[in-house]
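Worksheet: the structure to be examined is printed underneath.
No lab work stands behind these numbers, since they all come straight from the coordinates. Since this is a predicted model, take the numbers as computed values, not measurements. Because the Cβ atoms are built from the backbone with ideal geometry, glycine has one as well, and the counts that use them run over all protein chains shown.
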Amino acid sequence: MKEQKPVSCKCSDCRAERNTKKRRHYRRFFRGLIMAGLVCCLLVMLACAGYFFLQYRGRSSLNQRARETGNVELTLQLNDPVLPEKNKVLELQEGQILVEGEVYQYNEEILTFLCMGIDSRSGIIQEKIPGEAGQADVLMLLIVNPQKKEVDMVTINRDTMINVEVYDRDGIYLGEEKGQITLQYAYGNGREKSCELMEKAVSTLFFGIPIHGYVAMDMKSIPTLNDAVGGVEVTILDDMTDDKKNWKKGEKVLLSGEDALYYIRQREIEVKETGSNIRRIQRQKQYLGLYVDKLKQRVSEDITFALSLLGELGKHLVTSLTVEEVAYLSGSLLNYHFSGDHMLSIPGESVMGVNEEFYADDRAIKQLVVKLFYEKVE
């Protein structure tokens with residue numbers, strides 16, 4: 001015989017008891033829901049507090065770097081410190097220079113970072129023998145001005161001729177020889193030592209400005225960086241037609257994956273004419289300006305995005321910046337002004353030797369240093 005289910009009693013006492021049990025069940029459910037919400041809020045608050053603490057430590061660390069290099073003496077002097085109308089020597093204070101009869105003071109709050117894109121067959125994961133450590137194909141100075149809330153970027157032609165410090169395979173210093181600045185990276189170990197040599201070379205090129213940190217990135221990581229922000233749409237600046245691409249000038253292309261690397265890396269090295277790297281720099285500047293806009297958008301949506309991206313790049317990157325400093329910079333620079341007017345290049349002349357050589361205009365560099373690193377004394 002089939003067992004029958006018990007019939008619920010419909011008397012007032014039983015209905016009251018059932019309603020009481022339902023209310024208790026709902027109360028337990030909503031209490032649990034509220035507790036879960038509170039726990040989630042607490043975790044978010046702790047995560048935010050931890051991130052802002054990282055930012056605080058990063059700001060303190062970078063300020064300390066600025067203070068340590070604040071009394072820098074640049075090898076920069078546009079005029080002799082003499083006042084013509086008084087025919088006497090002007091007593092300049094520490095950090096001051098005379099430019100066309102006006103006194104300028106070095107801005108000690110400015111932070112400067114060297115960004116490098118490294119071309120090396122085996123990447124920058126392992127240390128290498130001096131002379132075989134690869135080359136710095138992309139060189140940029142990032143200049144952060146906290147007073148004006150502005151960021152300037154100066155691109156440096158990889159073919160710029162300087163006195164390159166040469167080391168043998170055992171790392172023993174052999175002296176200097178004239179060469180492209182990109183080669184200075186090769187005479188380190190492909191990692192920290194190479195970056196430090198580049199820091200010194202770029203600082204010397206800019207008459208002794210302090211560089212507060214560096215970031216060197218394997219060029220092969222460009223696709224990862226590009227796709228992390230959803231790709232970058234560019235208007236093609238020059239016809240780029242070969243066995244890989246058929247892009248026409250003026251065409252709009254959404255760069256994704258390897259296309260981004262191709263666009264900023266491709267160079268007409270087989271054509272014996274000057275200016276091929278200058279045209280590549282123009283593409284790099286165009287791409288970077290558009291990329292920064294996409295990056296700022298992503299960071300505004302997720303304050304931890306820069307740190308996540310840094311972790312994703314992993315061994316494809318070498319930097320002297322700490323996690324705290326990256327957290328501070330990624331958050332604070334959102335409020336800084338950066339546009340095409342702040343993307344600058346070193347003036348000079350390209351000539352064709354065995355390879356293309358770029359000779360920077362020293363006076364133009366001096367004027368650029370004054371513009372970016374000095375304030376007029378009223």
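Below are the figures for this structure:
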item	result
Packing rank of 176-189, 308-321, where each peptide gets the mean count of other beta carbons within 10 Å, highest leading	176-189, 308-321
Magnitude of the charge dipole, region 222-378, Cβ model with Lys/Arg +1 and Asp/Glu -1, debye to 20	140 debye
Computed magnitude of the charge dipole of region 66-376 (debye, nearest 20; Cβ of K, R +1, Cβ of D, E -1)	560 debye
Proximal charge balance of Leu174 [Cβ under 11 Å; K/R count +1, D/E count -1]	-4
Distance between modelled label sites at Glu375 and Ile125, nm, 7 Å Cα→Cβ extension	4.7 nm
Dimensionless Rg over Rh [region 66-376; C-alpha; Kirkwood]	0.97
Whether region 100-244 is rounded, prolate or oblate, judged on the alpha carbon gyration tensor where a/c under 1.5 counts as rounded	oblate
For peptides 364-371, 324-331, sequence by mean Cβ density within 10 Å, most packed first	324-331, 364-371
Tail beyond 24 Å, pair distance distribution of region 184-338 (Cα, percent)	44 percent
Too-long pairs where the Cα-Cα distance tops 25 Å, listed order kept, from Lys252/Lys294; Lys200/Lys371; Lys249/Lys285; Lys248/Lys315; Lys178/Lys200; Lys128/Lys178	Lys248/Lys315
Burial order of peptide ranges 139-145, 348-354 (average beta-carbon count within 10 Å, highest first)	139-145, 348-354
Label-point gap, in nm, between Ser256 and Ile278 - each point 7 angstrom along Cα→Cβ	3.6 nm
Relative contact order [Cα under 8 Å, 6+ residues apart], region 66-376, whole percent	20 percent
log₁₀ of I(q)/I(0) at q = 0.11, 0.13, 0.20, 0.24 Å⁻¹ - region 286-378, Debye sum with one point per alpha carbon	-0.55, -0.73, -1.07, -1.18
Whole-number percent relative contact order across region 220-339, with pairs defined as alpha carbons under 8 Å at least 6 apart	24 percent
Charge tally in the Cβ shell below 10 Å around His342, where Lys, Arg are +1 and Asp, Glu are -1, His342 excluded	-3
Neighbour net charge for Lys220 - beta-carbon separation under 15 angstrom, K R +1, D E -1	-4
Estimated distance in nm for a label pair at Glu301 and Gln105, the labels positioned 7 Å out from Cα along Cα-to-Cβ	4.4 nm
